[in-house]
Every structure is written in structure tokens, then in C-alpha cells.
1. If you check Thr65, Thr61, Thr57, Thr71, which single one turns out to be part of a loop (DSSP other than H, G, I, E, B), surrounded by 10 or more Cβ atoms within 10 Å (Cβ to Cβ) and either of a type in the set (S, T, N, Q) or within 19 Å of the chain's Cα centre (by Cα) (or both)?
2. Please work out if Ile6 is in a helix (DSSP H, G or I), surrounded by 10 or more Cβ atoms within 10 Å (Cβ to Cβ) and modelled with pLDDT of 85 or more.
3. Among the residues of region 14-30, are any at pLDDT 85 or above, assigned to a loop (DSSP other than H, G, I, E, B), out of contact with any Gly (no Cβ under 6 Å at 6 or more places or on another chain) and surrounded by 10 or more Cβ atoms within 10 Å (Cβ to Cβ)?
4. Output yes when any residue across region 29-42 is more than 30 Å from Phe14 (Cβ to Cβ) and of a type outside the set (A, V, I, L, M), and no when none is.
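The values are calculated or read from the model by the stated rules, or taken from the named source; none is laboratory data. Worth saying up front: this structure is predicted, and the values here are computed from it rather than measured. A quick note on method: Cβ atoms are made from the backbone with ideal geometry, for glycine too, and the neighbour counts reach across all protein chains shown.
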Amino acid sequence: MSIQQIRSGIADTFVARPVLAIVLNLVIAFAGFAAPNGVEVREMPNVDQPVLSVTVTWDGTALETVDAEVTAVIEDVLG
């Protein structure tokens, strides 16, 4: 039996039985939608990102001065 005969047999089956073709397509679609829920995530594990909080007070100065002389320097150092 050649490949051409097998393909023709499958096509003939689906033409003769359209309900079978629809059900098979629905099963494949359902399996495709359900597959991501069953797959483990190994490439991108759930990890906590490090967080750093810095508080600076400089009483009696303008906001622009603190931003330029303190905040900008700290941000440059921390990245």
C-alpha cells in the first residue's frame, strides 16, 4: 500500500463520515487548549526579584536639591 493510497483512504473516510472528522478536530483542539495546563515550566521558574528600599531625609532643603544631589547619586550607584 503506497502513501498515496493511505492519504486517499483517510480523505475518503472523512468525506464519507463528516461527523467523525468534526469530532476528531474537536478532540485535537481540546487537547491543544488543555496542554499548557499540564506542561511544567522549567525554562522560566518562578523566582522572587530582589528589592532594595532606601530612605533619605535632608531637612530644610528644596526638593530639587535632594533629587539632584542625593537621589540621582543613589540611583546611579544602585543601577
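1. Going through Thr65, Thr61, Thr57, Thr71 in turn, just one is part of a loop (DSSP other than H, G, I, E, B), surrounded by 10 or more Cβ atoms within 10 Å (Cβ to Cβ) and either of a type in the set (S, T, N, Q) or within 19 Å of the chain's Cα centre (by Cα) (or both): Thr61.
2. On the way: in a helix (DSSP H, G or I): yes; surrounded by 10 or more Cβ atoms within 10 Å (Cβ to Cβ): yes; modelled with pLDDT of 85 or more: no.
No: the conditions fail for Ile6.
3. First, pick out the residues of region 14-30 that are at pLDDT 85 or above: 14-30.
Checking the rest, the ones that are also assigned to a loop (DSSP other than H, G, I, E, B) come to 17.
Now restrict to residues that are out of contact with any Gly (no Cβ under 6 Å at 6 or more places or on another chain): 17.
Filter once more, keeping what is surrounded by 10 or more Cβ atoms within 10 Å (Cβ to Cβ): 17.
Within region 14-30, one or more residues are at pLDDT 85 or above, assigned to a loop (DSSP other than H, G, I, E, B), out of contact with any Gly (no Cβ under 6 Å at 6 or more places or on another chain) and surrounded by 10 or more Cβ atoms within 10 Å (Cβ to Cβ).
4. Yes - at least one qualifying residue is present in region 29-42.
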